[in-house]
Amino acid sequence: MNETRLVAKQLQQKSEDSRLIKEARRALIDYLGCVLQARKEPKVQEFGRLWQQEGGKVNSLLGLHATPERAALINGFAAHYLDFDDVQANFRGHPSAVIYSALLAIAPPSSQVRQVLQAFIAGVELAGKLGLALNPDHTVQGWHSTATIGTIAATGALCNLDNASVDQTTRALSFATSQASGMSFQNGTDAKPLQAGLAARNAVTAFILSQSRGSFTANEDSLQFWGLL
C-alpha cells in the first residue's frame, strides 16, 4: 500500500478522545467568533457580495446564499481576514479557517456536532503530520502553509466526515494536492485571507470530484510526488 493510501486509511478513524473533542469544540467557537467579527469589515462584506449566488443551496455565516464551494471560499476569507484565528505549531498555519470553512460548507443538516468535531480533529492531525514532514523548509521557501497544507488537511477532514472509502479518499487527496498553492509574500494583504478561502474551496472541489459517479481518476500516490512523506 502506498503512502497516500495509508493516509487515506488513517483518515477513516474517528477520534473518541474527550480531550481532543473539547479542543475541537473550542476551535469551533474561536472560528465562529473570527468569522462573526470579520463580517463587520467592509472588505469582507464586499467579498461576500462578489461571490454570493442567487439560488445557492448553502447559507454562509455571513448571511449570503452560495454554493458549497463559494460558501467555503467566503467563510475561509472571513475567518482569516483579521488574522485572529488559531494556529497549529507543526502545521505553521491556521487550521480552523480552512478546515471548518470546508466542513460547514459540506456537512448535511443531519450531521451531529460530534461528527464535525471528529472530522476537524482528523484534518488537524493530518495538517500536523504534513507540517512536521515539510517544515521548516516549506515555510522558509515562501509557501503559505495555511493554503498549501490546509487544502489537503481540509480535504481529509471532509472525507472523514463523509465516511469516504479508502479509494475515494485517495482520489480526493490527489485532487487536493494538485490545487494546493499559496505564498507567504502575500502577508499583510487581502490576498493572504483569500488564500485561506481558496484552500477551503479547493478542498470542497476535491471532495466533490472524488464522490462523483463519473469516477474521475487521479494519481494514487500524490503525497509522495509532492514530497510530503
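Derivation of every value follows stated rules applied to the coordinates shown; laboratory data play no part. Note that the structure is a prediction, hence the values are computed from the model and not measured. Counting neighbours? That spans all protein chains shown, and the Cβs are built from the backbone with ideal geometry, glycine included.
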| For volume of the Cα convex hull per residue in Å³, the choices are (1) 110; (2) 159; (3) 140; which was calculated from the structure? | (1)
| Positive-end residue of THR67, LEU82, GLY182, charge dipole of the chain with Cβ unit charges | THR67
| request: Might you report the magnitude of the Cβ-based charge dipole of the chain about its Cα centre, with Lys and Arg at +1 and Asp and Glu at -1, to the nearest 20 debye? | output: 380 debye
| field | region 108-223 - charge dipole about Cα centre, Lys and Arg +1 at Cβ, Asp and Glu -1, debye rounded to 20 | value | 240 debye
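Helix-only estimate, please: 222 nm mean residue ellipticity of the chain, summing -39500 (n - 2.57) across DSSP H runs of length 4 or more and dividing by its residues, to the nearest 500. Let's see the in-between values first.
On the way: 11 runs with 148 residues, N = 229.
Estimated from H runs of four or more residues: -20500 deg cm²/dmol.
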| field | Among LEU64, LEU194, LEU173: highest mean-square fluctuation, GNM of the chain, C-alpha pairs under 10 Å | value | LEU64
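Quick check for me: using +1 on Lys/Arg Cβ and -1 on Asp/Glu Cβ, what's the dipole size of region 1-132 about its Cα centre, in debye to the nearest 20? Let's see the in-between values first.
Details: 16 positive and 13 negative charges, 45 e Å.
For this selection, approximately 220 debye.
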| said: Only Cα pairs within less than 10 Å get springs; with that Gaussian network setup on the chain, which residue of GLY131, GLY197, GLY123 has the largest fluctuation? | reply: GLY131
| field | Residues of type lysines that LYS22 reaches as a straight line, Cα spacing below 16 Å, ignoring anything fewer than 8 places off in the same chain | value | LYS14
| said: Springs between alpha-carbon pairs under 10 angstrom, Gaussian network model over the chain: which of ASP86, ASP30, ASP167 fluctuates most? | reply: ASP167
| Just how far, in whole angstrom, is region 87-136 from region 145-213 if you go by their alpha carbon centroids? | 10 Å
| request: Straight distance only, please: which lysines reach the Cα of LYS9 with their own Cα at less than 21 Å, same-chain residues fewer than 8 apart left out? | output: LYS129
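For the chain, what are the DSSP H helices with axial Cα length of 15 Å or more and mean Kyte-Doolittle hydropathy of at least 1.0? Mind showing how you got there, number by number?
Working: long enough: 18-38 (30 Å, 0.28); 68-81 (19 Å, 0.02); 95-106 (17 Å, 1.81); 113-134 (31 Å, 1.18); 145-162 (24 Å, 0.83); 166-179 (20 Å, -0.31); 191-211 (30 Å, 0.54).
Span-like helices, by this rule, are 95-106, 113-134.
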